[in-house]
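These notes are about the structure you will find just below.
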Amino acid sequence: QVQLVESGGGLVQAGGSLRLSCVASGGTFSRNGMGWFRQAPGKEREFVAAIGGTTYYADSVKGRFTISRDNAKNTVYLQMNSLKPEDTAVYYCAARAAILAKTKSGDYAYWGQGTQVTVSS
C-alpha cells in the first residue's frame with residue numbers, strides 16, 4: 001500500500017510560482033508512475049502532469065509547469081511558474097502500480113489528500 005503526502009500549496013499572486021512536493025511511502029517508489037491532478041470547485045478532476053518513462057503535461061500548463069522526481073527521496077515535485085487564477089484548485093498527487101506515466105485518473109491506484117493552491121488576480 002502506497003501512502004502519498006502532498007505539501008507546498010498556498011496563496012500566490014498571478015504570475016508567481018509555487019513548488020508542490022509529494023512524498024511516497026509503503027512501496028517501491030522508483031517503480032511507480034507518478035502524476036499530478038487538480039480539481040477546481042464545481043469541476044471534475046483533471047490531469048496536470050505525469051512522469052514515468054517519459055513526461056506528459058496538460059496543454060493548459062505546458063511551458064509553465066515542470067514535473068520531476070527524486071527517487072532517492074521518494075518524492076515527486078511540481079514546479080509551477082507563471083501561475084494564473086485559473087490554476088486555482090486542490091492539487092492531488094497520484095501513484096500507479098506500474099512505472100509508465102499515464103494521463104487518466106483511472107490509471108492511478110493511490111492518491112494523496114490534496115493541497116490547496118489559490119492564485120489571486
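Summed over the range 25-49, the residues that are touching a Gly at 6+ places or on another chain (Cβ under 9 Å), more than 17 Å from Ala89 (Cα to Cα) and in a strand (DSSP E or B) give a count of 1. Condition first: of a type in the set (A, V, I, L, M) and in a strand (DSSP E or B). Now tell me which residues in the range 56-108 satisfy that. Hits for the range 56-108 are Ile67, Val76, Leu78, Met80, Ala89, Val90, Ala94, Ala95.
Taken over the range 21-48, the criterion of being aromatic (Phe, Trp, Tyr) and under 24 Å from Arg64 (Cα atoms) is satisfied by Trp36, Phe37, Phe47. Just one of the listed residues (Val12, Val23, Val48, Val61) is of a type in the set (A, V, I, L, M) and either at pLDDT below 95 or open to solvent by 60 Å² or more (accessible area, probe 1.4 Å) (or both), and it is Val23.
So is Tyr77 of a type outside the set (Gly, Ala, Ser), under 19 Å from Gly10 (Cα atoms) and in contact with a Cys (Cβ under 8 Å, 6 or more places away or on another chain) or not? The answer is yes for Tyr77. Sort through Arg69, Arg31 and tell me the only one that's within 27 Å of Gln1 (Cβ to Cβ), in contact with a Ser or Thr (Cβ under 8 Å, 6 or more places away or on another chain) and open to solvent by 50 Å² or more (accessible area, probe 1.4 Å). The conditions single out Arg69. Selection of the range 62-75 for residues being in contact with a Leu (Cβ under 9 Å, 6 or more places away or on another chain) and not hydroxyl-bearing (Ser, Thr, Tyr) yields Arg64, Phe65, Ile67.
The values are calculated or read from the model by the stated rules, or taken from the named source; none is laboratory data. Computed from a predicted structure; not experimentally measured. Note: ideal-geometry Cβ built from the backbone for every residue, glycine included; neighbour counts use all protein chains shown. Note: areas computed on protein heavy atoms with side chains; ligands, DNA, RNA excluded. Shrake-Rupley method; radii C 1.70, N 1.55, O 1.52, S 1.80 Å.
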